[in-house]
Every structure is written in C-alpha cells, then in structure tokens.
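Chemist: First the structure, which I've put down as structure tokens, then a few questions once you've had a look.
The values are calculated or read from the model by the stated rules, or taken from the named source; none is laboratory data. Note that the structure is a prediction, hence the values are computed from the model and not measured. Cβ placement follows ideal geometry from the backbone for every residue including glycine, while neighbour counts extend to all protein chains displayed. For accessibility, only protein heavy atoms count, side chains too; no ligands or nucleic acids. Shrake-Rupley method; radii C 1.70, N 1.55, O 1.52, S 1.80 Å.
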Amino acid sequence: PAFQAFVAWLARTAFVVGLVVVIVLSLMPASGLPSTDISDKIEHFAAYFALAVAGASGFHGRRARLIIIFSLIAFGILMEFGQMVSPGRDPSIGDAIANALGVLCGATLGSLGVLVMDALRPLVKAQ
C-alpha cells in the first residue's frame with residue numbers, strides 16, 4: 001500500500017503541475033510559444049493524454065475517473081475559448097477535438113495501469 005500511495009501522490013502532483021503548464025502554454029501569446037516541428041494537433045493530444053494518464057492514475061475509483069474525464073474535456077474547451085483574448089491565438093474546434101481524444105486515450109491507459117497494479121497487489125503481498 002505504501003508504494004501505491006506514493007505512485008498516486010506522484011500522479012496527483014504531476015496532474016497539478018501539468019494543469020499549470022497547459023494553462024500557461026494555452027494562454028501564452030503566440031509570439032512566446034516554443035516552436036516545435038510537430039503538428040499542433042499532436043501537441044494538444046499529447047498534453048491532454050499526459051494530464052489524463054496522471055489524473056486517472058492519481059484519483060482512484062470510477063466516479064473520480066469520470067470526473068477527471070469530463071472535467072479535462074471541459075477544461076480543454078475552456079482553454080480554447082481563452083485563446084480568444086491571447087494575442088496571436090485563435091480557438092480551434094480541431095484542437096478541442098485533439099484535446100478530448102487525448103483525454104479519452106490517456107484516461108483509458110491510466111485506468112488500465114491502476115487495474116494492473118491492483119491485480120498485482122496480492123502477488124506482491126505473498127512474497
């Protein structure tokens with residue numbers, strides 16, 4: 001239980017730090033954004049995937065995971081609307097869709113990870 005509690009704490013910490021990073025990058029003026037050679041849709045997917053993995057891994061229980069999923073999708077939409085007031089930025093339905101797909105895939109992976117850890121718990125206790 002101590003290891004699982006540590007992993008959950010680490011995931012929750014990563015979730016909160018990730019939220020701050022996404023807020024800053026989402027609302028930063030276009031001129032201040034770091035430049036990458038990948039599609040912005042992949043960047044959106046990856047950011048929200050990581051948030052959802054951390055959230056699903058850090059907050060256990062079906063209800064908590066559903067709250068994480070719906071909250072992150074709403075958060076992604078809110079961040080897109082927030083770009084209307086950020087210089088050089090425009091909201092995009094495509095970005096919101098990439099965010100939502102990242103959330104759904106990340107929450108699935110995070111939930112599977114928790115299930116695997118729960119399944120392995122009796123094996124670890126037996127040793």
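Chemist: For the stretch 62-77, in order, what is each residue's ³J(HN,Hα) by Karplus, 6.51 cos²θ - 1.76 cosθ + 1.60 with θ = phi - 60°, in whole Hz (x at glycine and Pro)?
Modeler: Values, residue by residue: 4, 4, 4, 5, 5, 4, 4, 4, 5, 5, 5, 5, 5, 4, x, 5 Hz.
Chemist: Same structure, new question: Among R62, R89, R12, determine the one that fluctuates most according to a GNM of the chain built with springs between C-alpha atoms less than 10 Å apart.
Modeler: R62
Chemist: Net charge near Y48: determine it from the other residues with C-beta under 13 Å of the C-beta of Y48, scoring Lys and Arg +1 and Asp and Glu -1.
Modeler: -3
Chemist: Using heavy-atom solvent-accessible surface (probe 1.4 Å) with all chains present, what is the largest-first order of I93, I38, I68?
Modeler: On the way: I93 135, I38 95, I68 20 Å².
In descending accessible area the options line up as I93, I38, I68.
Chemist: Note down the relative contact order for the stretch 1-87 as a percent, whole number, built from C-alpha pairs under 8 angstrom at least six residues apart.
Modeler: Answer for the stretch 1-87 is 46 percent.
Chemist: Something else about it: Grab the other residues whose beta carbon is less than 15 angstrom from that of M79, score K and R as +1, D and E as -1, and report the net.
Modeler: The answer is -3.
Chemist: Same structure again: Multiply the residue gap between F6 and M28 by 0.36 nm, knock off their C-alpha separation, and tell me the result in nm, one decimal place. Write down the numbers at each step before the final one.
Modeler: Details: separation 22, 0.36 × 22 = 7.92 nm, distance 3.27 nm.
Residue separation times 0.36 nm, minus the Cα-Cα distance, leaves 4.6 nm.
Chemist: Each residue of the stretch 7-13 in order: what ³J(HN,Hα) in whole Hz does its phi give by Karplus 6.51 cos²θ - 1.76 cosθ + 1.60, θ = phi - 60°, with x for Gly and Pro?
Modeler: 4, 5, 4, 4, 5, 5, 5
Chemist: So, one more: Around I69, what is the net charge, scoring Lys/Arg as +1 and Asp/Glu as -1 over all other residues with Cβ under 14 Å from its Cβ? Let's see the in-between values first.
Modeler: Values: positive: R62, R63, R65; negative: none.
Neighbour charge sum, excluding I69 itself: +3.
Chemist: Of all the Cα-Cα pairs you can form in the chain, what percent are over 20 Å apart?
Modeler: Working: 3649 of 8001 pairs.
Percent of Cα pairs beyond 20 Å in the chain: 46.
Chemist: Full-extension gain between L112 and V85, please, as 0.36 nm times their residue separation minus the C-alpha to C-alpha distance.
Modeler: 5.9 nm
Chemist: Where the only charges are on Cβ atoms (+1 Lys, Arg; -1 Asp, Glu), what is the dipole of the chain about its Cα centre, to the nearest 20 debye?
Modeler: My answer is approximately 680 debye.
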